[in-house]
Structures are given as structure tokens and as C-alpha cells.
1. Given a 1.4 angstrom probe, I'd like the percentage of the accessible area of chain A that is carbon and sulfur, rounded to a whole number.
2. Provide an ascending nm list, one decimal, of label-point separations from residue A:97 to the equivalent residue in each further copy; define each label point as 7 Å from Cα along Cα→Cβ.
3. Is the shape of segment A:1-110 rounded, prolate or oblate, going by the alpha carbon gyration tensor and its root eigenvalues a ≥ b ≥ c, with a/c under 1.5 for rounded and a/b larger than b/c for prolate?
4. Can you list the copy-to-copy distances for residue A:36, using a point 7 angstrom from Cα toward Cβ, in nanometres, shortest first?
5. What do you get for the angle between helix A:60-71 and the principal long axis of chain A? Use alpha-carbon atoms, 0 to 90 degrees, nearest ten.
6. Using a probe radius of 1.4 Å on protein heavy atoms only, what is the accessible area buried between chains A and B, both sides summed, to the nearest 100 Å²?
7. Residue B:37 accessible area, nearest 10 Å², 1.4 Å probe?
8. I'd like the mean, over residues of B:90-98, of how many other protein chain beta carbons sit within 10 Å of each residue's own Cβ.
Protein chains: 2
Amino acid sequence: MNIGEAAKASGISGKMIRYYESIGLIPSVGRTEAGYRSFSDKDIHALRFIARARSLGFSVEQMSNLLALWRDDKRASSDVKAVAYAHIEELDSKIGKLIAMRQTLQHLAEHCQGDHRPSCPILGDLAGTADPGEIASSSAHPPLTC
Amino acid sequence: MNIGEAAKASGISGKMIRYYESIGLIPSVGRTEAGYRSFSDKDIHALRFIARARSLGFSVEQMSNLLALWRDDKRASSDVKAVAYAHIEELDSKIGKLIAMRQTLQHLAEHCQGDHRPSCPILGDLAGTADPGEIASSSAHPPLTC
DNA sequence: CCTTGACCTTACAACGGTGGGAAGGTTTAT
DNA sequence: ATAAACCTTCCCACCGTTGTAAGGTCAAGG
């Protein structure tokens with residue numbers, strides 16, 4: 001299997017397959033006499049594993065751990081679960097920050113007239129010159145946990 | 001005002017202040033005879049504007065637009081509002097993706113025994129060998145909109 | 001006056017992932 | 001035989017931030 005076919009079969013671009021190989025995320029695959037990479041079914045399987053892990057937001061480093069666990073017959077599922085929960089916490093942290101941003105911004109935008117006049121509470125907040133009576137300070141991001 | 005003092009006053013590292021200057025996000029500030037950057041109150045004000053915008057997740061390009069609007073006395077607040085809403089949509093998109101990941105992962109992790117045994121639905125899903133009866137396919141990410 | 005330490009300057013590299021492209025070799029189909 | 005579609009390696013770009021190295025400057029104290 002060519003790298004092009006492997007890319008189609010796995011959903012990972014050829015560029016990225018080479019990159020993953022170069023950083024050691026996947027072991028070096030076989031080569032033809034002409035130097036072309038030759039992917040076995042096992043290689044494709046690993047690539048699809050990676051594609052799926054990537055779609056769940058795992059970092060390359062986390063994927064490296066997961067791949068090692070996958071290959072290890074004597075792994076403990078608790079180890080896998082720990083990696084998963086660590087990632088869930090990362091996701092929660094990111095989600096929380098984004099929601100706080102969204103909340104603040106929404107609040108500011110709602111108070112903006114949005115007309116031809118220059119007066120704007122959004123810029124007022126950014127510049128630190130917002131009327132604190134008109135709009136509650138947005139730095140007090142509410143404990144919104146979704 | 002030194003760059004160090006400016007950094008403390010604005011909450012932006014000296015490194016980043018130089019970077020923002022280098023890419024033209026802020027105009028070149030004055031210099032002392034010895035070549036040290038000298039920040040005016042106005043400069044600090046702009047830096048604090050940037051720090052606040054950054055904390056709301058605006059990209060450098062968006063900040064550039066916002067700064068231009070801020071400096072423009074004849075701006076229309078609708079223009080500012082448009083930038084804000086565009087960013088809110090970006091945030092929503094990111095949040096949605098992260099929540100979908102989180103949801104899938106949580107679901108998988110809940111079904112993992114997390115003991116000393118190797119059997120693990122998380123790896124099963126990633127490898128594409130999960131029992132479809134045991135665990136609903138996680139690729140059908142639910143329409144969770146928070 | 002001189003040293004020391006804390007600051008400043010520029011310039012370069014690195015990170016994580018991903019994409020783009022150049023320059024050259026190979027395979028496949030016409 | 002030739003053209004198109006591959007493949008190879010190599011370097012560069014993005015974004016935002018940090019680190020580091022080599023050198024200049026300022027303020028304090030001996």
C-alpha cells in the first residue's frame with residue numbers, strides 16, 4: 001500500500017503520516033526497492049487508531065501513550081482510563097475558559113446599540129473606560145459550568 | 001517607562017510587547033538615547049486594551065481591527081458589534097467541538113472497568129474493534145449544544 | 001572609579017500540528 | 001516514448017509564546 005492509499009484508507013494526509021513517522025509516533029514502515037513506503041494492514045490499523053484519537057482531541061504525546069497501551073497485552077484498563085480522564089479534564093478546562101469568554105462577550109455585545117454611532121460598550125470594556133453602572137464588570141466571569 | 005514596567009503595568013510580557021510591535025499591531029514606541037523603548041501612558045493604555053482583548057480570545061488580526069475601530073472617532077458601533085459576534089461564533093464552534101469530544105470520551109470512560117485487566121472499551125473504540133452492542137458507536141456524536 | 005547585578009537590545013530557535021511547494025525519481029497508462 | 005500521477009526528501013510558513021545567547025546600559029554600593 002502506497003502512502004496515498006494509506007492516506008485515503010486512514011483519513012490522515014500523507015504529509016501527516018510522514019510527520020508521525022518522523023517523530024516516532026508510528027514505527028518506520030517498510031519500503032519498496034525504489035524507496036516508496038509500503039503500508040501493511042497493521043500499519044493502516046494504527047493510522048486509523050491515530051485518526052480516531054486525534055478526532056477526540058488527544059495530543060500527539062497522549063496518543064503515544066495510548067498506542068503503547070494498545071500494543072501492551074498486559075495493560076491495565078485503569079491506565080487507559082486515567083489517560084482518558086486526564087484528557088477530559090483538559091477538555092473541561094478549555095471549555096470552561098471558552099464559555100467564560102463567550103459569556104462576557106455576549107453580555108457586552110447585547111448592550112451595544114450596533115448602529116452608526118461610535119459609542120460602544122465593547123470598546124469601552126476593552127479600553128477599561130466602561131461605565132461600571134451600565135455594564136457589570138466583565139472580569140467577574142460568572143461560575144457558568146454549562 | 002521601561003519595557004519591564006510596561007509589562008507589569010499591562011500584564012503583557014516584554015517578549016510579547018516586542019512581538020506585537022514587530023508585527024505592527026502596535027506602532028513603534030519612542031526610544032531613549034540608549035535605544036531603550038520608552039512607553040507613554042497612551043502606549044500602556046493600548047497594551048491594556050490588547051491584554052483584555054486577548055483574554056477574551058480575540059486573535060491578533062481581530063485585535064488589529066478592534067484597535068483600528070477604537071482609534072477611529074467616527075466608527076459605527078455596528079462594526080464593533082460585528083467583530084464581536086463573529087468571534088462569538090468562532091467560540092461557539094470551538095466549544096461545540098470540544099463538548100462533542102468530551103461527551104464521547106466520557107461515555108467511553110464510563111464503560112471502562114478501570115481495573116488491572118486489559119479489556120478496555122476506550123481502546124476498543126479507538127481501534128475500531130469495540131463491541132457495538134455494548135457501547136453505542138461514539139462516532140454518532142449527540143446534538144449536544146450545551 | 002569600578003564592580004556587580006538588574007535591566008535593556010537584537011537575533012535565532014523551539015514548541016504543536018498542519019499545509020505548501022520545489023526538485024528530483026518512479027510507476028503506470030496510453 | 002511520453003505524459004500524468006505518483007513518490008521521495010528538504011525547507012518554509014502559519015500562530016502565539018517562550019527560551020537562550022551575546023552584547024550594551026543603568027543604578028547601587030564598595
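The values are calculated or read from the model by the stated rules, or taken from the named source; none is laboratory data. This is a predicted model, so every value here is computed, not measured. Note that we place each Cβ from the backbone using ideal geometry, even for glycine, and neighbour counts take in every protein chain shown. Note: accessible area is taken over every heavy atom of the protein model, side chains too, but ligands, DNA and RNA are not part of it. Shrake-Rupley method; radii C 1.70, N 1.55, O 1.52, S 1.80 Å.
1. On the way: 4180 of 8170 Å².
The nonpolar share, carbon plus sulfur, comes to 51 percent.
2. Values, ascending and in nm: 1.5.
3. Working: a/c = 3.66, a/b = 1.76, b/c = 2.08.
It comes out oblate by the Cα gyration axes.
4. 6.5
5. 40 degrees
6. Working: alone 10430 and 10440 Å², together 16330 Å².
Buried surface at the A/B interface: approximately 4500 Å².
7. About 50 Å², ignoring ligands and nucleic acids.
8. Numbers: counts 2, 9, 4, 1, 5, 9, 2, 4, 10.
Other-chain Cβ atoms within 10 Å of each residue's Cβ, averaged: 5.
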